[in-house]
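The structure appears right after this line, and notes come after that.
The values are calculated or read from the model by the stated rules, or taken from the named source; none is laboratory data. Since the structure is predicted, the reported quantities are computational estimates derived from the model, not experimental observations. All Cβ positions, glycine included, derive from the backbone under ideal geometry; neighbour counts span all protein chains shown.
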Amino acid sequence: MTDRILEFLRTRREAGQDSAPCVVVDLDVVRDNYAAFAKALPDTRVFYAVKANPAPEVLAALAALGSCFDCASVVEIEQALAAGASPDRISFGNTIKKERDILRAFELGVRLFAVDCEAEVEKLARAAPGAKVFCRMLCDGIGAEWPLSRKFGCAPAMAPRVLELAHSLGLEAYGLSFHVGSQQRNPRMWNAALKSAAGVFRELAERGINLQMVNLGGGFPTRYLKRVSPVRAYGDAIFTALRRHFGNQIPETIIEPGRGMVGNAGMIEAEVVLISKKSDDDEVKWVYLDIGKFNGLAETMDEMIRYPIRTEYDSDPREPCVLAGPTCDSVDVLYEKEPYLLPVSLEIGAKVLIEGTGAYTTTYSAVGFNGFPPLQSYVI
Ligand SMILES: *Cc1c(COP(=O)(O)O)cnc(C)c1O
(Lines give C-alpha, C1' and ligand atoms only; values in the text may rest on other atoms or scores of the structure.)
Protein backbone atom coordinates (compact mmCIF):
# COMPACT_ATOMS: atom_id res chain seq x y z
CA MET A 1 0.00 0.00 0.00
CA THR A 2 1.23 3.46 -0.69
CA ASP A 3 1.90 6.32 1.72
CA ARG A 4 0.14 8.66 -0.71
CA ILE A 5 -3.09 6.70 -0.28
CA LEU A 6 -2.77 6.60 3.53
CA GLU A 7 -2.16 10.34 3.59
CA PHE A 8 -5.19 10.95 1.36
CA LEU A 9 -7.39 8.84 3.64
CA ARG A 10 -6.18 10.67 6.75
CA THR A 11 -7.09 14.02 5.21
CA ARG A 12 -10.50 12.67 4.19
CA ARG A 13 -11.17 11.47 7.74
CA GLU A 14 -10.07 14.78 9.25
CA ALA A 15 -12.44 16.61 6.91
CA GLY A 16 -15.29 14.38 8.12
CA GLN A 17 -15.87 12.99 4.62
CA ASP A 18 -15.50 9.35 5.65
CA SER A 19 -19.11 8.40 6.21
CA ALA A 20 -19.15 6.02 3.20
CA PRO A 21 -16.52 3.55 1.96
CA CYS A 22 -14.27 4.66 -0.89
CA VAL A 23 -11.53 3.37 -3.13
CA VAL A 24 -8.39 5.42 -3.72
CA VAL A 25 -6.19 4.73 -6.75
CA ASP A 26 -2.55 5.83 -6.89
CA LEU A 27 -1.58 6.72 -10.47
CA ASP A 28 2.13 6.30 -9.69
CA VAL A 29 1.49 2.59 -9.16
CA VAL A 30 -0.43 2.36 -12.45
CA ARG A 31 2.50 4.01 -14.25
CA ASP A 32 4.97 1.59 -12.62
CA ASN A 33 2.81 -1.35 -13.71
CA TYR A 34 2.71 -0.07 -17.30
CA ALA A 35 6.50 0.21 -17.29
CA ALA A 36 6.81 -3.32 -15.91
CA PHE A 37 4.62 -4.73 -18.71
CA ALA A 38 6.55 -2.80 -21.35
CA LYS A 39 9.83 -4.16 -19.98
CA ALA A 40 8.66 -7.75 -19.52
CA LEU A 41 7.16 -7.96 -23.02
CA PRO A 42 9.21 -5.45 -25.01
CA ASP A 43 7.89 -6.31 -28.50
CA THR A 44 4.25 -6.45 -27.43
CA ARG A 45 1.71 -3.63 -27.64
CA VAL A 46 -0.33 -3.07 -24.47
CA PHE A 47 -4.13 -2.73 -24.84
CA TYR A 48 -5.38 -1.89 -21.34
CA ALA A 49 -8.73 -3.62 -20.63
CA VAL A 50 -10.84 -0.57 -19.81
CA LYS A 51 -13.46 -2.43 -17.77
CA ALA A 52 -10.97 -3.11 -14.96
CA ASN A 53 -11.04 0.58 -14.02
CA PRO A 54 -12.32 3.20 -16.45
CA ALA A 55 -11.63 6.26 -14.23
CA PRO A 56 -10.81 9.11 -16.65
CA GLU A 57 -7.55 9.86 -14.80
CA VAL A 58 -6.40 6.23 -15.15
CA LEU A 59 -7.17 6.20 -18.88
CA ALA A 60 -5.47 9.57 -19.42
CA ALA A 61 -2.31 8.48 -17.56
CA LEU A 62 -2.09 5.31 -19.64
CA ALA A 63 -2.83 7.15 -22.90
CA ALA A 64 0.01 9.56 -22.13
CA LEU A 65 2.38 6.61 -21.68
CA GLY A 66 1.43 5.29 -25.12
CA SER A 67 -0.96 2.55 -24.07
CA CYS A 68 -3.65 1.24 -26.40
CA PHE A 69 -7.11 0.28 -25.14
CA ASP A 70 -9.28 -2.84 -25.31
CA CYS A 71 -12.90 -1.69 -25.25
CA ALA A 72 -16.11 -3.72 -24.95
CA SER A 73 -18.73 -1.08 -25.85
CA VAL A 74 -19.19 2.23 -27.63
CA VAL A 75 -19.13 4.02 -24.27
CA GLU A 76 -15.72 2.53 -23.45
CA ILE A 77 -14.46 3.55 -26.90
CA GLU A 78 -15.64 7.10 -26.25
CA GLN A 79 -13.92 7.05 -22.85
CA ALA A 80 -10.62 5.95 -24.44
CA LEU A 81 -10.91 8.65 -27.14
CA ALA A 82 -11.68 11.28 -24.49
CA ALA A 83 -8.56 10.20 -22.60
CA GLY A 84 -6.46 11.06 -25.64
CA ALA A 85 -6.10 7.74 -27.48
CA SER A 86 -6.38 7.92 -31.26
CA PRO A 87 -8.74 5.36 -32.88
CA ASP A 88 -5.81 3.32 -34.21
CA ARG A 89 -4.96 2.58 -30.56
CA ILE A 90 -8.37 1.12 -29.78
CA SER A 91 -9.74 -2.38 -30.30
CA PHE A 92 -13.39 -3.38 -30.02
CA GLY A 93 -12.55 -6.62 -28.24
CA ASN A 94 -16.02 -7.82 -27.29
CA THR A 95 -17.15 -10.78 -29.42
CA ILE A 96 -20.81 -9.86 -28.80
CA LYS A 97 -21.70 -6.56 -30.50
CA LYS A 98 -24.84 -4.96 -31.91
CA GLU A 99 -24.42 -4.16 -35.57
CA ARG A 100 -25.26 -0.49 -34.92
CA ASP A 101 -22.50 -0.35 -32.28
CA ILE A 102 -20.02 -1.78 -34.79
CA LEU A 103 -21.13 0.93 -37.23
CA ARG A 104 -20.68 3.63 -34.59
CA ALA A 105 -17.19 2.35 -33.68
CA PHE A 106 -16.25 2.28 -37.36
CA GLU A 107 -17.48 5.89 -37.75
CA LEU A 108 -15.32 6.83 -34.76
CA GLY A 109 -12.31 5.38 -36.62
CA VAL A 110 -11.89 2.00 -34.91
CA ARG A 111 -10.52 -0.64 -37.29
CA LEU A 112 -9.70 -3.62 -35.05
CA PHE A 113 -12.48 -6.01 -33.97
CA ALA A 114 -12.88 -9.39 -32.23
CA VAL A 115 -15.12 -12.20 -33.49
CA ASP A 116 -15.74 -15.80 -32.48
CA CYS A 117 -18.34 -16.99 -35.01
CA GLU A 118 -19.53 -16.54 -38.55
CA ALA A 119 -22.62 -14.45 -37.71
CA GLU A 120 -20.43 -11.80 -36.08
CA VAL A 121 -18.15 -11.76 -39.15
CA GLU A 122 -21.20 -11.08 -41.34
CA LYS A 123 -22.16 -8.09 -39.15
CA LEU A 124 -18.61 -6.73 -39.43
CA ALA A 125 -18.50 -7.17 -43.20
CA ARG A 126 -21.63 -4.99 -43.46
CA ALA A 127 -20.86 -2.38 -40.79
CA ALA A 128 -17.05 -2.16 -40.83
CA PRO A 129 -15.92 -3.00 -44.37
CA GLY A 130 -12.20 -3.74 -44.72
CA ALA A 131 -11.56 -3.76 -40.95
CA LYS A 132 -9.02 -6.02 -39.27
CA VAL A 133 -10.52 -8.96 -37.39
CA PHE A 134 -9.08 -11.42 -34.94
CA CYS A 135 -10.82 -14.61 -33.89
CA ARG A 136 -11.05 -15.48 -30.22
CA MET A 137 -10.43 -19.11 -29.32
CA LEU A 138 -11.72 -20.94 -26.24
CA CYS A 139 -9.29 -21.55 -23.42
CA ASP A 140 -10.08 -23.78 -20.43
CA GLY A 141 -9.03 -21.29 -17.72
CA ILE A 142 -7.28 -23.91 -15.56
CA GLY A 143 -5.05 -22.26 -12.99
CA ALA A 144 -7.06 -19.04 -12.92
CA GLU A 145 -8.76 -17.77 -9.76
CA TRP A 146 -11.43 -16.06 -11.89
CA PRO A 147 -11.87 -18.40 -14.91
CA LEU A 148 -13.80 -17.06 -17.88
CA SER A 149 -15.82 -20.17 -18.81
CA ARG A 150 -17.14 -20.87 -22.27
CA LYS A 151 -18.86 -17.57 -22.92
CA PHE A 152 -16.22 -16.19 -25.31
CA GLY A 153 -14.31 -17.87 -28.09
CA CYS A 154 -14.75 -20.81 -30.47
CA ALA A 155 -12.95 -24.13 -30.58
CA PRO A 156 -9.53 -23.77 -32.28
CA ALA A 157 -10.74 -26.18 -35.00
CA MET A 158 -13.47 -23.68 -35.96
CA ALA A 159 -11.26 -20.56 -36.05
CA PRO A 160 -9.87 -21.14 -39.59
CA ARG A 161 -13.40 -21.26 -41.01
CA VAL A 162 -14.39 -18.02 -39.23
CA LEU A 163 -11.30 -16.19 -40.46
CA GLU A 164 -11.60 -17.60 -43.96
CA LEU A 165 -15.14 -16.18 -44.14
CA ALA A 166 -13.81 -12.81 -42.97
CA HIS A 167 -11.19 -12.91 -45.73
CA SER A 168 -13.73 -13.82 -48.39
CA LEU A 169 -16.05 -10.97 -47.29
CA GLY A 170 -13.32 -8.37 -47.75
CA LEU A 171 -12.23 -8.04 -44.13
CA GLU A 172 -8.59 -8.41 -43.13
CA ALA A 173 -8.11 -11.78 -41.38
CA TYR A 174 -5.57 -10.40 -38.96
CA GLY A 175 -5.02 -12.84 -36.13
CA LEU A 176 -6.16 -14.82 -33.10
CA SER A 177 -6.87 -14.09 -29.48
CA PHE A 178 -7.45 -16.01 -26.28
CA HIS A 179 -7.71 -15.27 -22.56
CA VAL A 180 -6.17 -17.77 -20.16
CA GLY A 181 -8.51 -16.74 -17.31
CA SER A 182 -8.25 -13.80 -14.97
CA GLN A 183 -5.81 -13.84 -12.02
CA GLN A 184 -3.94 -16.63 -13.78
CA ARG A 185 -1.34 -17.87 -11.31
CA ASN A 186 0.56 -20.12 -13.72
CA PRO A 187 2.77 -18.33 -16.29
CA ARG A 188 3.00 -21.54 -18.34
CA MET A 189 -0.73 -21.49 -19.16
CA TRP A 190 -0.07 -19.45 -22.32
CA ASN A 191 1.85 -22.38 -23.82
CA ALA A 192 -1.08 -24.63 -24.83
CA ALA A 193 -3.04 -21.72 -26.29
CA LEU A 194 -0.02 -20.61 -28.34
CA LYS A 195 0.38 -24.15 -29.62
CA SER A 196 -3.23 -24.11 -30.91
CA ALA A 197 -2.69 -20.63 -32.34
CA ALA A 198 0.37 -21.75 -34.29
CA GLY A 199 -1.68 -24.63 -35.74
CA VAL A 200 -4.36 -22.20 -36.98
CA PHE A 201 -1.66 -19.94 -38.48
CA ARG A 202 -0.28 -22.93 -40.44
CA GLU A 203 -3.65 -24.16 -41.58
CA LEU A 204 -4.65 -20.74 -42.93
CA ALA A 205 -1.24 -20.17 -44.54
CA GLU A 206 -1.83 -23.33 -46.58
CA ARG A 207 -5.00 -21.68 -47.88
CA GLY A 208 -3.15 -18.48 -48.76
CA ILE A 209 -4.25 -16.43 -45.75
CA ASN A 210 -1.37 -15.09 -43.70
CA LEU A 211 -2.33 -14.12 -40.19
CA GLN A 212 -0.08 -11.57 -38.51
CA MET A 213 -1.10 -11.11 -34.89
CA VAL A 214 -1.66 -13.05 -31.68
CA ASN A 215 -3.57 -11.30 -28.93
CA LEU A 216 -2.35 -12.89 -25.68
CA GLY A 217 -5.26 -11.46 -23.68
CA GLY A 218 -5.24 -10.55 -20.00
CA GLY A 219 -4.91 -12.80 -16.98
CA PHE A 220 -1.77 -11.23 -15.46
CA PRO A 221 -2.33 -11.39 -11.70
CA THR A 222 -2.18 -8.85 -8.94
CA ARG A 223 -1.15 -9.56 -5.37
CA TYR A 224 -3.99 -10.57 -3.05
CA LEU A 225 -3.42 -12.87 -0.05
CA LYS A 226 -1.38 -15.42 -2.01
CA ARG A 227 1.95 -14.59 -3.61
CA VAL A 228 2.13 -14.28 -7.39
CA SER A 229 5.07 -14.37 -9.79
CA PRO A 230 6.35 -11.05 -11.14
CA VAL A 231 5.28 -9.98 -14.64
CA ARG A 232 8.84 -10.71 -15.82
CA ALA A 233 8.20 -14.45 -15.24
CA TYR A 234 5.11 -14.18 -17.44
CA GLY A 235 7.07 -12.39 -20.16
CA ASP A 236 9.76 -15.07 -20.11
CA ALA A 237 7.26 -17.95 -20.24
CA ILE A 238 5.31 -16.33 -23.08
CA PHE A 239 8.46 -15.63 -25.11
CA THR A 240 9.64 -19.24 -24.63
CA ALA A 241 6.24 -20.53 -25.82
CA LEU A 242 6.23 -18.20 -28.83
CA ARG A 243 9.69 -19.45 -29.86
CA ARG A 244 8.69 -23.06 -29.35
CA HIS A 245 5.56 -22.89 -31.50
CA PHE A 246 6.35 -20.17 -34.06
CA GLY A 247 10.11 -20.73 -34.44
CA ASN A 248 11.77 -17.72 -36.03
CA GLN A 249 8.49 -16.40 -37.44
CA ILE A 250 7.15 -14.87 -34.26
CA PRO A 251 3.98 -12.89 -35.04
CA GLU A 252 3.07 -9.42 -33.86
CA THR A 253 1.69 -9.72 -30.32
CA ILE A 254 -0.56 -7.69 -28.06
CA ILE A 255 -1.63 -8.09 -24.42
CA GLU A 256 -4.78 -6.85 -22.70
CA PRO A 257 -3.97 -6.52 -19.00
CA GLY A 258 -6.73 -5.25 -16.71
CA ARG A 259 -6.25 -6.56 -13.18
CA GLY A 260 -2.45 -6.65 -13.50
CA MET A 261 -2.40 -2.98 -14.53
CA VAL A 262 -4.55 -1.42 -11.80
CA GLY A 263 -5.31 -4.01 -9.08
CA ASN A 264 -2.49 -3.14 -6.69
CA ALA A 265 -2.88 0.61 -7.34
CA GLY A 266 -6.12 0.82 -5.37
CA MET A 267 -7.12 0.52 -1.75
CA ILE A 268 -10.58 0.65 -0.19
CA GLU A 269 -11.26 2.15 3.21
CA ALA A 270 -14.36 0.70 4.86
CA GLU A 271 -15.84 0.58 8.35
CA VAL A 272 -16.99 -2.16 10.73
CA VAL A 273 -20.74 -1.69 11.26
CA LEU A 274 -21.50 -4.62 13.56
CA ILE A 275 -19.78 -7.56 15.28
CA SER A 276 -22.04 -10.31 16.65
CA LYS A 277 -22.57 -14.01 17.29
CA LYS A 278 -25.55 -16.13 16.24
CA SER A 279 -25.71 -18.15 19.48
CA ASP A 280 -23.78 -18.50 22.74
CA ASP A 281 -21.77 -21.42 21.43
CA ASP A 282 -21.15 -19.98 17.95
CA GLU A 283 -17.48 -20.56 17.11
CA VAL A 284 -17.12 -17.73 14.66
CA LYS A 285 -17.98 -14.08 15.01
CA TRP A 286 -19.87 -12.27 12.30
CA VAL A 287 -18.23 -9.04 11.19
CA TYR A 288 -20.35 -6.76 9.03
CA LEU A 289 -18.68 -4.04 6.96
CA ASP A 290 -20.23 -1.05 5.17
CA ILE A 291 -18.99 -2.53 1.89
CA GLY A 292 -20.10 -5.80 0.31
CA LYS A 293 -20.89 -7.58 -2.91
CA PHE A 294 -23.14 -4.81 -4.25
CA ASN A 295 -20.99 -1.74 -3.62
CA GLY A 296 -17.54 -2.82 -4.70
CA LEU A 297 -16.59 -6.34 -3.65
CA ALA A 298 -18.46 -8.41 -6.28
CA GLU A 299 -15.34 -10.48 -6.94
CA THR A 300 -15.76 -12.19 -3.57
CA MET A 301 -18.47 -14.19 -5.39
CA ASP A 302 -17.91 -17.89 -4.56
CA GLU A 303 -15.06 -16.55 -2.36
CA MET A 304 -12.85 -16.52 -5.47
CA ILE A 305 -10.84 -13.38 -4.78
CA ARG A 306 -9.51 -13.11 -1.21
CA TYR A 307 -8.41 -9.57 -0.49
CA PRO A 308 -5.77 -8.69 2.12
CA ILE A 309 -7.45 -6.69 4.88
CA ARG A 310 -5.57 -4.45 7.28
CA THR A 311 -6.75 -3.00 10.57
CA GLU A 312 -5.22 -0.94 13.36
CA TYR A 313 -5.19 -4.06 15.55
CA ASP A 314 -3.06 -6.29 13.31
CA SER A 315 -0.44 -7.04 15.98
CA ASP A 316 -3.12 -8.69 18.19
CA PRO A 317 -4.13 -12.40 18.08
CA ARG A 318 -6.64 -13.36 15.39
CA GLU A 319 -9.75 -15.50 15.25
CA PRO A 320 -11.87 -16.83 12.39
CA CYS A 321 -14.72 -14.51 11.40
CA VAL A 322 -17.49 -14.60 8.83
CA LEU A 323 -17.20 -11.35 6.90
CA ALA A 324 -20.34 -9.84 5.40
CA GLY A 325 -21.61 -6.72 3.68
CA PRO A 326 -24.31 -4.30 4.81
CA THR A 327 -27.26 -5.03 2.51
CA CYS A 328 -30.37 -7.06 3.38
CA ASP A 329 -29.53 -9.66 0.72
CA SER A 330 -28.39 -12.96 2.17
CA VAL A 331 -25.88 -13.49 -0.65
CA ASP A 332 -24.07 -10.37 0.56
CA VAL A 333 -21.57 -12.46 2.54
CA LEU A 334 -17.91 -12.09 1.56
CA TYR A 335 -16.14 -14.99 3.29
CA GLU A 336 -17.95 -17.79 5.14
CA LYS A 337 -16.95 -21.17 3.66
CA GLU A 338 -13.40 -20.24 4.53
CA PRO A 339 -13.71 -17.78 7.44
CA TYR A 340 -11.35 -14.80 7.50
CA LEU A 341 -8.81 -14.35 10.31
CA LEU A 342 -9.34 -10.96 11.97
CA PRO A 343 -7.93 -9.49 15.21
CA VAL A 344 -9.91 -10.44 18.36
CA SER A 345 -9.76 -6.80 19.45
CA LEU A 346 -11.48 -5.45 16.32
CA GLU A 347 -14.30 -3.08 17.32
CA ILE A 348 -17.49 -1.68 15.87
CA GLY A 349 -16.67 1.61 14.14
CA ALA A 350 -13.07 0.60 13.30
CA LYS A 351 -11.73 1.39 9.85
CA VAL A 352 -10.40 -1.46 7.70
CA LEU A 353 -8.19 -1.15 4.62
CA ILE A 354 -8.83 -3.59 1.79
CA GLU A 355 -5.82 -3.91 -0.47
CA GLY A 356 -5.58 -4.80 -4.16
CA THR A 357 -8.90 -3.15 -4.97
CA GLY A 358 -7.93 -0.99 -7.96
CA ALA A 359 -9.48 -3.45 -10.46
CA TYR A 360 -13.07 -4.63 -10.80
CA THR A 361 -14.49 -2.71 -7.84
CA THR A 362 -16.05 0.56 -9.06
CA THR A 363 -17.22 -1.07 -12.30
CA TYR A 364 -19.15 -3.73 -10.40
CA SER A 365 -20.81 -1.18 -8.15
CA ALA A 366 -22.94 0.91 -10.44
CA VAL A 367 -26.29 0.35 -8.76
CA GLY A 368 -27.72 1.68 -5.53
CA PHE A 369 -28.96 -1.62 -4.08
CA ASN A 370 -30.88 -1.08 -0.82
CA GLY A 371 -30.06 2.62 -1.11
CA PHE A 372 -26.33 2.03 -0.70
CA PRO A 373 -24.72 4.39 -3.20
CA PRO A 374 -22.13 3.22 -5.75
CA LEU A 375 -18.57 3.11 -4.43
CA GLN A 376 -16.99 6.56 -4.26
CA SER A 377 -13.76 6.78 -6.17
CA TYR A 378 -10.79 9.14 -5.94
CA VAL A 379 -7.70 9.10 -8.14
CA ILE A 380 -4.62 10.83 -6.76
C1 LIG B 1 -11.60 -8.44 -19.06
C2 LIG B 1 -10.76 -8.69 -20.24
C3 LIG B 1 -9.37 -8.56 -20.15
C4 LIG B 1 -8.66 -8.23 -18.85
O5 LIG B 1 -8.44 -9.38 -18.11
P6 LIG B 1 -7.55 -9.36 -16.78
O7 LIG B 1 -7.59 -10.75 -16.32
O8 LIG B 1 -8.16 -8.38 -15.85
O9 LIG B 1 -6.18 -8.95 -17.19
C10 LIG B 1 -8.63 -8.75 -21.28
N11 LIG B 1 -9.21 -9.06 -22.46
C12 LIG B 1 -10.54 -9.21 -22.59
C13 LIG B 1 -11.11 -9.53 -23.92
C14 LIG B 1 -11.35 -9.03 -21.49
O15 LIG B 1 -12.68 -9.18 -21.61
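The residues of region 106-120 that are under 18 Å from GLN212 (Cα atoms) and without any contact (Cβ under 8 Å) to a residue 60 or more places away in the chain, listed by number, are ARG111, PHE113, VAL115, ASP116. Within the set GLY199, GLY217, GLY143, GLY175, the sole residue that is within 16 Å of the ligand (Cβ to nearest atom), in contact with a His (Cβ under 9 Å, 6 or more places away or on another chain) and outside the structural domain of MET301 (by TED's automatic domain parsing) turns out to be GLY217. Scanning region 246-262 turns up no residue that is within 16 Å of the ligand (Cβ to nearest atom), at pLDDT 95 or above and among the aromatic types (Phe, Trp, Tyr).
GLU269 passes every criterion in (1) within 16 Å of the ligand (Cβ to nearest atom); (2) in the same structural domain as ILE348 (by TED's automatic domain parsing); (3) not hydroxyl-bearing (Ser, Thr, Tyr) apart from (1). Checking the stated criteria, ALA114 turns out not to satisfy the condition of being closer than 14 Å to LEU176 by Cα and part of a loop (DSSP other than H, G, I, E, B).
Can you tell me which residue in region 234-245 is surrounded by the most Cβ atoms within 10 Å (Cβ to Cβ), limited to those that are of a type in the set (A, V, I, L, M, F, W, C) and within 16 Å of the ligand (Cβ to nearest atom)?
If we filter region 234-245 for residues that are of a type in the set (A, V, I, L, M, F, W, C), which is where we start, we get 237-239, 241-242.
This time we only want the ones that are within 16 Å of the ligand (Cβ to nearest atom), so: 237-238.
Working: ALA237: 17, ILE238: 23.
In this case the residue turns out to be ILE238.
Whether a residue is more than 30 Å from PRO129 (Cβ to Cβ) and either in the same structural domain as PHE134 (by TED's automatic domain parsing) or under 22 Å from the mean Cα position of the chain (by Cα) (or both) was assessed, and ALA155 does not pass this test.
Got a sec? Which strands (runs of 3 or more DSSP E) wholly within region 1-107 have at least 1 residues that are among the small types (Gly, Ala, Ser)?
Output list reads 44-49, 90-92.
Checked against (1) surrounded by fewer than 22 Cβ atoms within 10 Å (Cβ to Cβ); (2) free of Cβ contacts under 8 Å to residues at least 40 places away in the same chain; (3) among the aliphatic types (A, V, I, L, M), LEU9 meets all criteria but (2).
A Cβ distance below 7 Å, combined with a sequence gap of six or more or placement on separate chains, defines the contacts here; from region 211-224, residues that are aromatic (Phe, Trp, Tyr) reach residues that are part of a loop (DSSP other than H, G, I, E, B) and within 9 Å of the ligand (Cβ to nearest atom) in the pairs PHE220/PRO257.
In the set (1) touching a residue at least 12 places away in the same chain (Cβ under 8 Å); (2) surrounded by fewer than 19 Cβ atoms within 10 Å (Cβ to Cβ), TRP190 fails one condition alone, (2).
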